[in-house]
1. So between B:Met7 and B:Ala125, what do we pick up on full extension, going 0.36 nm a residue minus the alpha carbon distance?
2. For chain B, what are the DSSP H helices with axial Cα length of 18 Å or more and mean Kyte-Doolittle hydropathy of at least 0.0?
3. Within 10 Å of each Cβ in B:112-121, how many Cβ atoms from other chains are there, averaged over the peptide?
4. Identify all aspartates and glutamates with a Cα-Cα distance to B:Lys9 below 17 Å; exclude those on the same chain that are fewer than 8 residues away in sequence.
5. For A:Glu11, B:Glu93, A:Glu91, B:Glu119, what ranking results if the residue with the fewest other Cβ atoms within 10 Å of its Cβ goes first?
6. When the helix-only estimate is applied to the protein assembly as shown (DSSP H runs of n ≥ 4, each -39,500 (n - 2.57), divided by the residue count), what is the mean residue ellipticity at 222 nm, nearest 500 deg cm²/dmol?
7. Suppose we look only past 29 Å in the calculated P(r) of chain B. What percent of the Cα-Cα pairs does that tail hold?
8. State to the nearest 20 debye the size of the charge dipole of the stretch B:5-137 about its Cα centre, where the only charges are +1 on K and R beta carbons and -1 on D and E beta carbons.
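Just so it is clear, none of the values below were taken in a lab; they were calculated from the coordinates. All of these numbers come straight from a predicted model, not from anything done at the bench. All Cβ positions, glycine included, derive from the backbone under ideal geometry; neighbour counts span all protein chains shown.
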Amino acid sequence: MPGHVFHPGHEELHGVTVVIEGSSGRTWVGRYHETNERGVAVLDVAIHDPATAAVPRATWIERIRKFGVRVDEPFVLLPAKEVGPITRLSEWMESSAKTPGASSHG
Amino acid sequence: MPYHETMVKPMRDEVTRLGVRELRSVAEVDAALGPGEGTALVFVNSVCGCAAGAARPALGLALQHPNLPQHLYSVFAGQDLDATARARSYFAEYQPSSPSLALLQDGEVVHFIHRHMIEGRGPEAIARDLMGAFDKYCAAGKREQGAGSRE
């Protein structure tokens, strides 16, 4: 059954691995689930906090692109006020290079 | 929690009818990948419609290419848990995601396609990525006959 879809009717980004840039400076990479009245829900999430991170965000994301998402939290609900641009991981470098902070969603 | 087998069977069949050998136990994985000789493609199958729905047809397209790995294997994430975990141990440097594809040469990962490289892309684009890796690492006509090969 080529092209079979298990979860029709969801948002376009549902199930897609995204980069979420936060207003606090933190960054999350994980599978977008949904946006609801409580915020943005993301699954299997890697978290970059510039205050504690060993490497800059760009290096961290490049590593994720090569080796995959190392999960820090299985589920994160980000308050709407924290959520900045949301970009597909596969497009993050290109969109960031073209238009810093460009949002592909939300 | 695994889906009911009747729901998953068409997704298994979509892969195995391409000549890909499905590995469903730890022993089968070790027997297939343990020797670490030659080139082997491991497809981590998944029920996820948004990604696996493109990955399986992409695999079908890529396997029509003249240059192919010597061995073609799949494991089913979320279904055959032990076999999938064992297969992933052969490319442990890469974080688990499904669907995904690992191309190994003499036991070393030489190309890896993560789920995030599949999402939102059509089968043709994914297949091109895979065929590029086949051209680089797999010489034509070197695939082994028998288990895990398409014949």
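1. Contour length minus Cα-Cα distance gives 39.7 nm.
2. Qualifying helices, which must be both long enough and hydrophobic enough, are B:49-62.
3. 6
4. Excluding near neighbours in sequence, the set is B:Glu22, B:Asp80.
5. Lowest count first: B:Glu93, A:Glu11, A:Glu91, B:Glu119.
6. Value at 222 nm, helices only, nearest 500: -9000 deg cm²/dmol.
7. Percent of Cα pairs beyond 29 Å in chain B: 6.
8. 300 debye
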